Amino acid sequence: MRGNERVELRSRTREAHQRVDAAVGTLSTLEDYRRYVAHVLPFRVTMDEALQNVSWPEGWNWQPSAVAELLAQDARDLGVPPVRHAEPDFDLSDPSALLGALYVVEGSSLGARVLRQRALKLGLDETFGARHLVSMASDTTRWPSFLSLLEGTPNYDVGRSAVAANAVFALALSCFESTSLAAS
C-alpha cells in the first residue's frame, strides 16, 4: 500500500464526515456540550461493543481504545441521562470493512484534540466532564499506528472499507439526530 488508498478512503467518506462534524457543532456553551455528550454516548457505546466482539485478524497487534465508560462518567457529571444502544448496520468480519470502521473511530481522536480545547474553555477537564476527550486526545501515537496497520494490511479493499466507514458515519449521524436514544 499505499497512501493512495488512504487518500481515496478520505475522499469517499468526506461528505459523511462533514455531516457528522456539522451535527457535533462548535460546543461553545455548556448546553451545546451536554447535547454533544448525550448524542455521542450511544454511538461510542455501540461502537465499543461492536469492536469488542470482533475476531481480530491474525497478526494485528493493534486494537482501538474504548471510551464509552469514560463518556458515561462524563454524562453523569453533566446530568445527562443514560442511553440506549443504537442499532449498527454494518458487518465488521471483513478486514477491509473493519479498517473502515476503525478509520472513523480512531480518526475521532484527531477531532477530540479540538473538542478538548473547547471543553477546557467551558471548565471541563480530565476530572469532570471531559475524561473521554482527554483520553482520546492524549495518545498521539495511536493514529499513526492505525495508519501503519491500514497501509500494511494485505488485500485491502478501499471500496469495502469506504462502505463500512460511511455506515459508521451514518450511525454517528443518526445518534446526533435521534431524540429517542435516551433511556426512559
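For region 56-145, what does the alpha-carbon gyration tensor say about shape, rounded, prolate or oblate, given a ≥ b ≥ c as the root eigenvalues, a/c under 1.5 as rounded, and a/b over b/c as prolate? The shape class here is oblate.
Fully extending the segment from Trp143 to Asn155, taken as 0.36 nm per residue of separation minus the present Cα-Cα distance, adds 2.2 nm. Per 5 Å bin, what is the whole-percent P(r) computed from every C-alpha pair distance within the chain? P(r) over the chain, rounded to whole percents: 1, 8, 17, 21, 21, 15, 9, 5, 1, 0. Under 20 Å from a label point set 7 Å out along the Cα-to-Cβ vector of Thr26, the amide N atoms of region 118-156 belong to 118-124. Remark: the Asp89-Ser55 segment gains 10.5 nm on full extension, using 0.36 nm per residue and subtracting the alpha carbon distance. Quote the relative contact order of region 35-118 in percent (integer), defining contacts as alpha-carbon pairs under 8 Å separated by 6+ residues. The value is 38 percent. Here's how it looks for Val83: its modeled amide H is under 5 Å from those of Ala183, which are all 5 or more places away or on a different chain.
For the chain, the relative contact order is 37 percent, taking Cα pairs closer than 8 Å that sit 6 or more residues apart in sequence and dividing their mean separation by the residue count. For the set Met136, Met47, the ranking by accessible area, highest first and with no ligand, DNA or RNA atoms included, is Met136, Met47 under a 1.4 Å probe. Calculated FRET efficiency, Arg76 to Gln18, Cβ-Cβ distance, R0 = 22 Å: about 0.10 to the nearest 0.05.
Here region 27-126 exposes an accessible surface that is 48 percent carbon and sulfur, computed with a 1.4 Å probe and the other protein chains kept in place.
With the helix formula -39500 (n - 2.57) applied to DSSP H stretches of n ≥ 4, the chain reaches a computed 222 nm mean residue ellipticity of -22000 deg cm²/dmol. Near Ser178: Cβ cut-off under 11 Å, other residues only, Lys/Arg at +1 and Asp/Glu at -1. The net charge is -1.
The values are calculated or read from the model by the stated rules, or taken from the named source; none is laboratory data. The structure displayed is predicted, hence computed values, not measured ones. Virtual Cβ from ideal backbone geometry, glycine too; neighbours counted across all protein chains shown. SASA here: full protein model, heavy atoms, side chains in, ligands and nucleic acids out. Shrake-Rupley method; radii C 1.70, N 1.55, O 1.52, S 1.80 Å.
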